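Report on the following structure.
Bear in mind these aren't lab numbers, they're just calculated from the coordinates by the rules spelled out. Note that the coordinates shown come from a computational prediction; the quantities given were computed from them, not determined experimentally. Virtual Cβ from ideal backbone geometry, glycine too; neighbours counted across all protein chains shown.
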Amino acid sequence: MTGLRERKKDKLRAELLGAALDLFDRQGFSETTIHQIADAVDVSPRTFLRYFATKEDVVVSWVEESTAVFLTSFLGRPAEEAPDVALLAGARAMLAHYTAKAEFYLTIERAIASSSSIRARKLEMTSTLAEQVTAALVQRAPGADPLQLALYPAVVFAMLRAVIGAWVESEGTRPLRDLFEEAVTLVTFRPMAG
């Protein structure tokens, strides 16, 4: 059971996240300052910095959450399932997570689009995720073509980037699921050899 102190810390962290996202949405990421976020929650900037080292870390925390959803779903798939099916299931789980928190993720993705430093961090995180997924694929399909093992995650992550980009461009009016299913029809995965 979580203690009172931990619950208070979690509550303040959630309030800081909410205030930051509200400000990012209203005035843009680059125009928002740490002081404004802290003021919105009635804490000092120093308190903000105990929870997030930088303003960018507010955004990155949501990226970490969504990549964890992908990885958990992918790793939970049956070992005998075709790798592309498992990868697409992971992507669908992540997009369902986005859809459940659509306003948050629209704001997050707008902030990412507006900041080259956050885009670079997200790409780095996606690269790390691709390495984890590739390692899991090696376990699932030993002896498979290493090029396929590396390409399958890269293709799925490229699909996710394109789909999320189209979703943000439409201001969230085009459903993520529909965009993703449209993307799936454009890609053909060859069965793993090995």
Roughly what angle does helix 4-27 make with the longest principal axis of the chain, taking Cα atoms, 0 to 90 degrees, to the nearest 10? 90
Inter-part distance where the stretch 141-194 and the stretch 1-63 are each reduced to a Cα centre, Å: 32
Convex hull over the Cα atoms of the stretch 1-52, averaged projected area in nm²? 3.6
Sparse-neighbourhood loop hits (GluC sites (Glu not before Pro), the stretch 130-194; DSSP loop; Cβ within 10 Å at most 16 others) -> Glu171
Can you tell which of Phe52, Ser117, Leu23 lies farthest toward the positive end of the dipole of the chain, using +1 and -1 charges on the Cβ of basic and acidic side chains (Lys, Arg; Asp, Glu)? Phe52
Expected output is a single nm value to one decimal: the length gained when fully extending between Asp57 and Thr99, i.e. 0.36 nm times separation in residues minus the C-alpha distance. What is it? 13.0 nm
Once the Cβ-Cβ distance between Val155 and Ser114 is put in as r, and R0 is 22 Å, what FRET efficiency do you end up with, to the nearest 0.05? 0.25
Pop the C-beta distance of Arg46 and Arg190 into the FRET formula with R0 = 45 Å and round what comes out to the nearest 0.05. 0.25
Take the Cα coordinates of the chain, assign each an equal point scatterer, and use the Debye formula without solvent to give log10 I(q)/I(0) at q = 0.08, 0.15 Å⁻¹. -0.31, -0.94
FRET E, pair Leu75, Arg7, Förster distance 35 Å, beta-carbon r, rounded to 0.05: 0.75
